[in-house]
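A.B. asks: The structure follows.
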Amino acid sequence: MLKSLKLLHERISNWNDYPFSVSAIRNLHSINFSSRITFFAGENGTGKSTLLEAIAAHYGFGREGGNRNFKNDSTASNASIDPLANALRLSFDKRTGKGFFLRAESFFNSATYVDEIGAQQSYGGRSLHAQSHGESFFTLLDVKFRQNGLFLLDEPEAALSPQRQLAFLILVHETLAKHKDAQFIISTHSPILLGYPDSQILLFDAGRIEEAPYDRIPAVQIAKRFLADRTSFLAKLLNEPLPFFEDKPARTRKP
């Protein structure tokens, strides 16, 4: 299990360069992982995916997704994340090198690479492109994530319906129950995925990374308010489009 992560500040030459210019990364010192399933939550651009990609690169996974034996990387993807990956120190109870990194953003390219190298048999027995996006995504989850290892997922809900998200939680639960050396770290906006019991949630908002309870996550709060009274929620939103979680005075919209 990955027990902790530390950012080695002495290895950083320029704090104004990306990704160190991102506030949550700039203010990062260390993270202790207290659960076998950890979620990175927060608004877009706060550094969730950036840190997840750096962990994957440091561990030896492909930057575009994959594992140590499956790497479909581009020069651009390597260049942007390597400085952060090289400045990390990861501490493990046991480091097996097993696992998988799944990026929803680059899944199409990874599926194409599977076809190019003729590895369909290891990914469900047929081309991932011969299935719908959601079906192929879940096929990969089903064949690669039911084992021991470190499993990193970047916004998996992008390809999964709410029903499939629930099925994914079942897959995670069964994997953790059967394989004592399995661990998941997931970047997500999904209130469904974030609801997994006894998980650790790290919130990347407010320029720092801090542990937060489920009910304090903005994505959860927004979903609850929307579902509780959709009509009044949308009426307020469309007539006064201020961020709901910023303390700003109300404005009167001009006709």
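A.B. asks: Residues that are at pLDDT 90 or above and buried (at least 21 other Cβ atoms within 10 Å of the Cβ): find the helices (runs of 4 or more DSSP H) completely inside region 1-107 holding 2 or more of those.
C.D. replies: By residue number, 23-26, 48-59.
A.B. asks: Mind listing just one residue for me: the one in region 185-208 that is hydrophobic (A, V, I, L, M, F, W, C) and under 18 Å from Ala24 (Cα atoms) and, of those, farthest from the chain's Cα centre (by Cα)?
C.D. replies: Ala206
A.B. asks: Could you list, in sequence order, all residues of region 149-197 that are in contact (Cβ under 8 Å) with a residue 60 or more places away in the chain and of a type in the set (Asp, Glu)?
C.D. replies: If the condition is that a residue be in contact (Cβ under 8 Å) with a residue 60 or more places away in the chain and of a type in the set (Asp, Glu), then Asp154, Glu155, Asp181 are the ones that fit.
A.B. asks: Let me ask you something else. Select from region 156-202 the residues that are of a type in the set (Ser, Thr, Tyr) and surrounded by fewer than 16 Cβ atoms within 10 Å (Cβ to Cβ) and list them in ascending order.
C.D. replies: Ser161
A.B. asks: Right, here's the next one. Looking at region 27-42 only, could you name the residues that are farther than 21 Å from Tyr196 by Cβ and in contact (Cβ under 8 Å) with a residue 24 or more places away in the chain?
C.D. replies: Asn27, Leu28, Ser30
A.B. asks: Moving to a separate point now. In region 191-222, which residues are outside any loop (DSSP other than H, G, I, E, B) and of a type in the set (A, V, I, L, M)?
C.D. replies: Across region 191-222, the qualifying residues are Ile192, Leu193, Leu194, Ile201, Leu202, Leu203, Ala219, Val220, Ile222.
A.B. asks: Identify, from the list Ile170, Ile117, the residue that is over 16 Å from Phe61 (Cα atoms) and at pLDDT 60 or above.
C.D. replies: On inspection, the qualifying residue turns out to be Ile170.
The values are calculated or read from the model by the stated rules, or taken from the named source; none is laboratory data. These numbers come from a predicted model, not from an experiment. Neighbour counts run over all protein chains shown; Cβ positions are idealised from the backbone, glycine included.
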